[in-house]
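S.K.: The structure follows.
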Amino acid sequence: MIAFDAVAARYPHQAALALDGVSLSAPAGEVTAVVGPNGSGKSTLVRALLGRLPLERGRITIEGADVATLSPRERAQRVAVVPQRESAAFPLPVRELVAFGRHPHRTGFAAWGEADEAAVADAIDAAGVAHLIDRSSDELSGGEWQRVRIARALAQRAKALVLDEPTTFLDIAHEMSVFELLASLAGGGIAVLLVSHQLNLVARFASQIVLLHNGTVAAAGAPNDVMRGDILERVYDWPVVVTRDPAVGAPSLVPLRGRRR
Amino acid sequence: MTRRFALVIGLAALLLAAVMAAGVALGTIALPARDVLRALAGAGDSLTLSVVRDLRLPRVALAALVGAGLALSGTALQATLRNPLAEPYLLGVSGGAAVGAVLAVVAGMASAALLPLAAFAGAVAAVVVALLVARAAGGRADGRVLLMAGVVVGAFANAAIMVVLANAPADAIRNATWWMMGSVGGAEWTGVRALAAYVAIGGGVLWANALDVDALTLGEEPAAALGVQVERTTRLVYLVSALLAAATVSAAGLVGFVGLVVPHLARATGLRTQRPLLAAAALIGAALVVAADLVARTVMPPAELPLGAVTALIGVPFFLTRLRSLR
């Protein structure tokens with residue numbers, strides 16, 4: 001489980017807090033989604049988790065251990081993070097990219113072992129990138145690149161997985177397959193924390209949704225409790241209606257024509 | 001990848017051995033292979049012994065170490081700073097070393113013992129200033145800020161050199177200019193041993209951090225996600241690479257092009273991760289500088305061409321053939 005407890009953080013030279021008392025938890029075996037408008041603090045949560053932004057207040061724990069007391073390597077053994085942006089400065093073979101996931105488990109001059117080999121093989125299999133392993137990173141499409149990055153995160157064999165907008169730029173099939181993959185990973189007992197803009201998909205796949213607004217939690221709970229027209233209109237500042245999606249009856253957001261109020 | 005690694009390292013080692021053998025055998029006096037081997041074993045006439053063991057062997061060894069040091073430095077820097085144009089001389093190392101050397105020459109202290117020390121001191125001072133500038137500018141060890149700080153310090157150093165040389169006597173200018181063009185002509189075993197220690201230790205540190213550097217090539221956040229201490233590693237690699245380059249500069253002056261191009265040549269062999277690249281680059285860099293020195297002293301004997309110019313003359317065609325595949 002990943003837990004944010006009253007977390008406050010600020011970017012350097014900024015007056016306003018980027019996160020102002022955010023509490024949320026992502027339990028094992030479930031997909032927990034963080035949604036919210038641009039600039040609401042979603043990616044800042046991920047940066048704070050990675051220690052890229054010092055906390056002013058509060059704490060972040062993984063399986064009860066305070067992240068601030070863990071070394072980066074220890075943290076990476078417990079939680080695998082797929083950040084929003086990434087590009088290889090020099091092209092790398094996909095197999096090597098996935099193998100980087102073993103980095104937190106390799107110390108100093110320790111040789112590559114059987115456990116590493118098995119973790120990489122399992123990750124390649126689970127993420128469905130076996131057909132890509134001999135390709136070079138500069139030959140991957142956006143969707144392939146995302147799956148390779150998820151494979152790398154799986155190779156970390158961490159109990160928790162955090163993804164920052166993993167389906168941006170993906171078409172429907174690629175996006176759905178990523179969501180299905182995350183759901184099956186959660187089904188396997190991993191805690192999945194997913195930052196996303198895809199409210200309607202999140203409503204179908206996540207058991208909990210946390211809606212951020214200006215660095216605070218505007219609403220949190222089951223999809224039915226968060227996906228309400230009045231809440232979403234206020235937070236996104238746009239007229240919407242919430243219906244039921246015809247396939248499974250999950251709440252579904254339809255933005256209306258209009259203008260910012 | 002491991003088979004490719006063995007193949008590349010094997011070929012590069014053969015190439016290095018071949019050019020080193022040629023470097024010992026060829027020169028103003030060409031020596032037959034049999035005499036060279038006997039001299040290496042300690043037998044033969046005193047002239048051959050002296051030429052092989054006191055002149056050519058240390059010279060070839062120094063050239064190899066200069067090449068290896070610059071190549072290791074450039075390979076680590078390009079990956080850590082995520083920039084294919086990064087090279088040790090961009091860190092202010094060359095400019096700082098040149099300021100140190102020029103000041104020593106102009107002050108009339110251009111002895112064989114003092115010049116390297118002055119150059120090394122200048123290089124280290126420039127790197128420290130660049131690191132301080134980067135820290136003041138960004139706080140964090142951002143690759144772009146580090147690179148720009150190095151460039152700015154280097155530009156300042158070049159300006160200082162021009163000011164100093166503008167009013168210097170002609171022979172001082174000539175000495176300083178010649179030094180800036182690079183040479184391993186004055187090689188002695190003491191210098192070879194000192195540089196060997198620098199290359200071994202510096203290379204060892206870069207090797208030990210190579211996995212972290214691999215992760216850094218993906219960007220700061222992905223590296224942090226994999227447990228890399230981004231700022232610490234970036235700063236460490238920057239410092240070690242700069243010291244490696246400074247040690248080569250103090251031993252042989254400015255040997256341009258090696259730190260920039262050899263990492264690309266190593267990558268062109270198909271190797272992709274830091275450890276194989278470091279090993280391959282060290283061998284290729286060593287072979288390139290030994291070959292360049294051989295050309296520099298045999299093309300129009302007894303005159304010598306400046307080593308830094310020859311490395312570029314040999315390296316540019318290689319580089320051009322690879323330009324298309326650079327990313």
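S.K.: Given the criterion touching a residue at least 12 places away in the same chain (Cβ under 8 Å), closer than 29 Å to B:ALA160 by Cα, away from every other protein chain (no Cβ under 14 Å) and not acidic (Asp, Glu), identify the matching residue among B:VAL36, B:VAL51, B:VAL66.
M.R.: B:VAL66
S.K.: Hey, could you check region A:126-145 for residues that are more than 12 Å from chain B (Cβ to nearest Cβ) and in contact (Cβ under 8 Å) with a residue 40 or more places away in the chain and say which is surrounded by the fewest Cβ atoms within 10 Å (Cβ to Cβ)?
M.R.: Top of the filtered list is A:GLY128.
S.K.: Here is a further query. For region B:309-317, indicate whether the set of residues that are under 21 Å from B:SER241 (Cα atoms), among the polar types (S, T, N, Q) and not in a loop (DSSP other than H, G, I, E, B) is non-empty.
M.R.: yes
S.K.: Further, regarding this structure: Would you mind stating whether B:ALA76 is free of Cβ contacts under 8 Å to residues at least 24 places away in the same chain and within 14 Å of chain A (Cβ to nearest Cβ)?
M.R.: Numbers: free of Cβ contacts under 8 Å to residues at least 24 places away in the same chain: no; within 14 Å of chain A (Cβ to nearest Cβ): yes.
No.
S.K.: Let me ask something else about it. Are there helices (runs of 4 or more DSSP H) fully within region B:79-197 with at least 3 residues that are modelled with pLDDT of 85 or more? List them. First the steps, then the outcome.
M.R.: Values: elements: B:93-106, B:114-138, B:143-166, B:170-180.
Answer list for region B:79-197: B:93-106, B:114-138, B:143-166.
S.K.: Could you tell me which of the residues B:ALA266, B:ALA246 is within 13 Å of chain A (Cβ to nearest Cβ), touching a residue at least 60 places away in the same chain (Cβ under 8 Å), touching a helix residue (DSSP H, G or I) at 6+ places or on another chain (Cβ under 8 Å) and assigned to a helix (DSSP H, G or I)?
M.R.: Sole residue among the options that is within 13 Å of chain A (Cβ to nearest Cβ), touching a residue at least 60 places away in the same chain (Cβ under 8 Å), touching a helix residue (DSSP H, G or I) at 6+ places or on another chain (Cβ under 8 Å) and assigned to a helix (DSSP H, G or I): B:ALA266.
S.K.: Separate question: Does at least one position in region B:4-14 carry a residue that is over 17 Å from B:LEU288 (Cβ atoms), hydrophobic (A, V, I, L, M, F, W, C) and surrounded by 12 or more Cβ atoms within 10 Å (Cβ to Cβ)? Step through it out loud before you land on a result.
M.R.: In the first step, residues of region B:4-14 are kept if they are over 17 Å from B:LEU288 (Cβ atoms); the result is B:4-7, B:10.
After this cut, where a residue has to be hydrophobic (A, V, I, L, M, F, W, C) as well, the list is B:5-7.
Pick out the ones that are also surrounded by 12 or more Cβ atoms within 10 Å (Cβ to Cβ) and you get B:5, B:7.
Among the residues of region B:4-14, at least one is over 17 Å from B:LEU288 (Cβ atoms), hydrophobic (A, V, I, L, M, F, W, C) and surrounded by 12 or more Cβ atoms within 10 Å (Cβ to Cβ), which makes the answer yes.
S.K.: Still on this structure: Quick check: anything in region A:100-115 within 11 Å of chain B (Cβ to nearest Cβ) and basic (Lys, Arg)? Break it down stepwise before answering.
M.R.: Taking region A:100-115 as the starting set, the residues that turn out to be within 11 Å of chain B (Cβ to nearest Cβ) are A:100-110, A:112.
Filter once more, so that each one left must be basic (Lys, Arg): A:102, A:106.
Looking for residues that are within 11 Å of chain B (Cβ to nearest Cβ) and basic (Lys, Arg), one finds at least one in region A:100-115, hence yes.
S.K.: From the residues in region B:206-226 that are small (Gly, Ala, Ser) and within 22 Å of the chain's Cα centre (by Cα), which one is farthest from the other protein chains (Cβ to nearest Cβ)?
M.R.: The selected residue is B:ALA210.
Here's the yes/no breakdown for (1) buried (at least 18 other Cβ atoms within 10 Å of the Cβ); (2) in contact with a helix residue (DSSP H, G or I) (Cβ under 9 Å, 6 or more places away or on another chain); (3) aliphatic (A, V, I, L, M):
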| position | (1), (2), (3) |
| --- | --- |
| B:VAL133 | yes, yes, yes |
| B:ARG144 | no, yes, no |
| B:GLY154 | yes, yes, no |
| B:TRP189 | no, yes, no |
| B:TYR198 | yes, yes, no |
| B:THR217 | yes, yes, no |
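S.K.: If you take the residues in region A:65-98 that are more than 9 Å from chain B (Cβ to nearest Cβ) and of a type outside the set (D, E, K, R), which one is surrounded by the fewest Cβ atoms within 10 Å (Cβ to Cβ)? Give the derivation first.
M.R.: We begin by selecting, within region A:65-98, every residue more than 9 Å from chain B (Cβ to nearest Cβ); these are A:65-70, A:78, A:94, A:98.
Still in the running and of a type outside the set (D, E, K, R): A:65, A:67-70, A:94, A:98.
Values: A:ALA65: 13, A:VAL67: 21, A:ALA68: 12, A:THR69: 10, A:LEU70: 19, A:VAL94: 25, A:VAL98: 27.
Step by step, filter region A:65-98, then rank; the result is A:THR69.
S.K.: Out of curiosity, is A:THR168 part of a loop (DSSP other than H, G, I, E, B) and surrounded by fewer than 13 Cβ atoms within 10 Å (Cβ to Cβ)?
M.R.: No; evaluated as a whole, the condition is false for this residue.
The values are calculated or read from the model by the stated rules, or taken from the named source; none is laboratory data. Note that this is a predicted model, so its numbers are computed, not measured. Reconstructed Cβ throughout: ideal geometry from the backbone, glycine too, with neighbour counts over all protein chains shown.
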